[in-house]
Amino acid sequence: MRVLTVEETRKVERLANEYGVSYMQLMENAGAYCARIIRKTFENTNKRNVLVVCGKGRNGGDGFVIARKLYENGYNVTVMMAMGLPTDDLSSDMLSRVRALGINVVYYENSSTAEKYFEKAHIIVDCVFGIGFRGEPNENCKKLFTRINNSPATVVSVDIPSGLEGDNNEVNSICVSADITIAVLVLKPVHVLRPSMEKCGNVVLAPLNIPDRCYESVSAALFTINRDEIKSFFNKRNPQSHKGDYGTVLVIGGSYEMPNAAYFASQAAVNSGAGLVKVAFPVVAYNAISPKTFEQILVPLESNKSGRISQNSVKRIEKELENCSCVVVGCGMGNDEDTKAVTEYVIRNSQVPVILDADGINCIKDNIDIIDSAKAPIILTPHPKEMSRITGLEVSEIQENRLKAVNDFTKSHNCILVLKGASTLVGSSEFDDVYVNMSGNAGMATGGSGDVLAGIIASFVAQKVDAFKSAIAGVNIHGVAGDSVTEKYSMMGNTPTLMLSELPTTLKNFE
């Protein structure tokens, strides 16, 4: 599903106006659509007292339409003017229609009167600020937002929760914390990026059904990931197929200190459908890895003095690269001169897609341009700290505008980038589009989770799914498996081992 910036949304509205859907009609349609969503949401409840809190702009105008439609359908409606009378003609006209019906209109400035309506409200509809809001709300608005948030009523925000900005994920001040947000026309970045999306609650789209041609001149750069799209990435398995048809994944990683990272990645590849999985690791980690790797082929490599893969293993790695469909480098591998040499060798010589995770990324942080000379697609899967190492940006800079960080990096380097974390983003130097993942939860913030993700992506690549699509599918399915673990057990009890166990059942939803 497309996600548009504020500027792009306004462009779509302008085009709709040019094609015969006037701004007045857009406001009427938006308010009517939102009212229908509210009615449907609460139709089986006894919640009938509605307080519609309106600002002085067009978001307030939408609120006046909502108030009118709900009133006409039997709801007890009060309109609260948060900032005085509207300043634009459209909203003023909609307010006059509210008054003509005899709907109660009160002013927030009259605190004693306002409090009475807050206390009896079952539903509060937030229409104070829309996509035009920028900066900091004033003290009066902060008090209003705090009062809304402290109410036991269900809070429904129209377009975006007031106090947030449409184009980014920042939550820098007091804003409305909605239970439901009705995104008007299209989703905006605020709805799909964390932490702002947490303030949106359950996001429902009100598309308004304007002509498709209104979107033709808008090149959306951000898309959400949905299950039906991911299902289309995979081909049904031929009953006559054999393991060779589903590729060979080679995982190069592990060390004496962190043997299980390579296991997690390789087991994830097994559990995600790869035909054959090999795990190459320093021989000193053999006793830690071999007892649990039942389905994998083991490739013990020479160890250096630190218990990591020695660069003397390059000849053996060269042989394995000739017989695999995809290679994962870095999980638990460590970072020293030997592992740097191994990582750089794989990048320069692999004829198949390479997934660089963890220490695979750390090993090239001082030589990041090496990925531009790769012979096959390179997929990097950094978390924000690793992203900081390869870009020179502070983690805070990256987190403040994750989308920009992805776009800037993929425009500068030939790769597919998976920027992990809350609202994982997937971008590519080949395409303008960036995909944002909506699955997953904070319970997945645990060591080994990223190794599982690397193995899932590698498995899909090995099964002949396009590398960019493999990354998109991988992050979503990884998140769905993590959500399943949290639902069955707990968020604090979410572990990579449990995620691995959920993968086969999770994949059933995508076949």
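Taking the conditions (1) farther than 27 Å from N44 by Cα; (2) in a helix (DSSP H, G or I) in turn, L85 satisfies each one other than (2).
Specify which of the listed residues (F42, F64) is surrounded by fewer than 21 Cβ atoms within 10 Å (Cβ to Cβ) and among the hydrophobic types (A, V, I, L, M, F, W, C). Please lay out each step first, then the result.
Working: F64 fails: surrounded by fewer than 21 Cβ atoms within 10 Å (Cβ to Cβ).
The unique qualifying residue is F42.
Going by the conditions given, is V352 assigned by TED's automatic domain parsing to the domain that holds P377, outside any loop (DSSP other than H, G, I, E, B) and among the aliphatic types (A, V, I, L, M)? When the stated conditions are applied, V352 does not pass them. A single member of K305, K278, K319, K315 is over 26 Å from N509 (Cα atoms), out of contact with any Pro (no Cβ under 8 Å at 6 or more places or on another chain), modelled with pLDDT of 95 or more and assigned to a strand (DSSP E or B), and it is K278.
Scanning region 118-132 for residues that are of a type in the set (D, E) and not in a strand (DSSP E or B) yields a single hit, E119.
Being of a type in the set (A, V, I, L, M), in a helix (DSSP H, G or I) and at pLDDT 95 or above is the requirement here; does I364 meet it? Taking the combined requirement at face value, the residue does not satisfy it. When the test is whether a residue is under 15 Å from F145 (Cα atoms) and touching a residue at least 40 places away in the same chain (Cβ under 8 Å), C175 does not pass it.
Look through region 167-176, keep the residues that are within 19 Å of the chain's Cα centre (by Cα) and closer than 18 Å to N202 by Cβ, and return whichever of them is surrounded by the most Cβ atoms within 10 Å (Cβ to Cβ).
Step one: list which residues in region 167-176 are within 19 Å of the chain's Cα centre (by Cα), which gives 167-171.
From the residues that got through so far, the ones that are closer than 18 Å to N202 by Cβ too are 169, 171.
On the way: N169: 25, V171: 19.
The residue in question is N169.
Restricting region 488-511 to residues that are of a type in the set (D, E, K, R) and in contact with a helix residue (DSSP H, G or I) (Cβ under 9 Å, 6 or more places away or on another chain), the residue that is nearest to K292 (Cα to Cα) is E502.
The single condition among (1) farther than 20 Å from T181 by Cβ; (2) in contact with a Cys (Cβ under 7 Å, 6 or more places away or on another chain) that C127 does not satisfy is (1).
I'd like to know if region 109-122 contains one or more residues that are of a type outside the set (V, I, T) and within 26 Å of V218 (Cα to Cα).
Initial filter on region 109-122 (of a type outside the set (V, I, T)): 109-112, 114-122.
When the remaining residues are screened for being within 26 Å of V218 (Cα to Cα), the result is none.
No: zero hits.
Within region 462-487, which residues are more than 26 Å from H242 (Cβ to Cβ) and either of a type in the set (V, I, T) or out of contact with any helix residue (DSSP H, G or I) (no Cβ under 8 Å at 6 or more places or on another chain) (or both)? Once the filter is applied, which keeps residues that are more than 26 Å from H242 (Cβ to Cβ) and either of a type in the set (V, I, T) or out of contact with any helix residue (DSSP H, G or I) (no Cβ under 8 Å at 6 or more places or on another chain) (or both), region 462-487 yields F468, I472, V475, V480, D483, V485, T486, E487.
Within region 373-426, if we keep just the residues that are in contact with a Lys or Arg (Cβ under 9 Å, 6 or more places away or on another chain) and assigned to a strand (DSSP E or B), the residue that is surrounded by the fewest Cβ atoms within 10 Å (Cβ to Cβ) turns out to be L425.
Only one of the numbered conditions (1) under 37 Å from the mean Cα position of the chain (by Cα); (2) at positive phi is not met by G102, and that is (1).
Specify the residue that is nearest to N49 (Cα to Cα); the eligible residues are those in region 133-156 that are part of a helix (DSSP H, G or I) and under 29 Å from the mean Cα position of the chain (by Cα). So, considering only residues that are part of a helix (DSSP H, G or I) and under 29 Å from the mean Cα position of the chain (by Cα), the one nearest to N49 (Cα to Cα) is I148. I297 meets each of the listed conditions (1) outside the structural domain of M27 (by TED's automatic domain parsing); (2) buried (at least 22 other Cβ atoms within 10 Å of the Cβ); (3) of a type outside the set (K, R) apart from (2). Given the criteria at pLDDT 95 or above and closer than 14 Å to A268 by Cβ, does S490 qualify? So S490 does not fit the description; no.
Using the structure shown, decide if E198 is in a loop (DSSP other than H, G, I, E, B) and acidic (D, E).
Working: in a loop (DSSP other than H, G, I, E, B): no; acidic (D, E): yes.
No; evaluated as a whole, the condition is false for this residue.
Considering region 264-288 alone, what residues qualify as being surrounded by 24 or more Cβ atoms within 10 Å (Cβ to Cβ), free of Cβ contacts under 8 Å to residues at least 40 places away in the same chain and farther than 22 Å from S350 by Cα? If the condition is that a residue be surrounded by 24 or more Cβ atoms within 10 Å (Cβ to Cβ), free of Cβ contacts under 8 Å to residues at least 40 places away in the same chain and farther than 22 Å from S350 by Cα, then A285 is the only one that fits. Taking each residue of region 221-237 that is closer than 30 Å to E7 by Cβ and looking for partners that are among the acidic types (D, E) with beta-carbon atoms closer than 9 Å, six or more apart or interchain, yields A221/E8; A221/D432; A221/D433; L222/D433; F223/E229; F223/D433.
Per the conditions (1) within 25 Å of V184 (Cβ to Cβ); (2) surrounded by fewer than 20 Cβ atoms within 10 Å (Cβ to Cβ); (3) of a type outside the set (V, I, T), the sole criterion not satisfied by E115 is (1).
Could we say that F234 is in contact with a Lys or Arg (Cβ under 7 Å, 6 or more places away or on another chain), closer than 25 Å to N509 by Cβ and either crowded, with 22+ Cβ neighbours inside 10 Å or aromatic (F, W, Y) (or both) here? Give the steps one after another, and end with the answer.
Working: in contact with a Lys or Arg (Cβ under 7 Å, 6 or more places away or on another chain): no; closer than 25 Å to N509 by Cβ: yes; either crowded, with 22+ Cβ neighbours inside 10 Å or aromatic (F, W, Y) (or both): yes.
Criteria not met by F234.
Being of a type in the set (A, V, I, L, M, F, W, C) and surrounded by 23 or more Cβ atoms within 10 Å (Cβ to Cβ) is the filter here, so list the residues in region 435-466 that pass it.
Within region 435-466, the first condition is being of a type in the set (A, V, I, L, M, F, W, C), and the residues that meet it are 436, 438, 442, 444-445, 452-454, 456-458, 460-462, 465.
Residues satisfying the conditions are V436, M444, V452, L453, A454, I456, I457, A458, F460, V461, A462.
The values are calculated or read from the model by the stated rules, or taken from the named source; none is laboratory data. Just so we're clear, the structure is a prediction, and the values are computed from it rather than from any experiment. With ideal geometry, Cβ positions are generated from the backbone for all residues, glycine too; neighbour counts draw on all protein chains shown.
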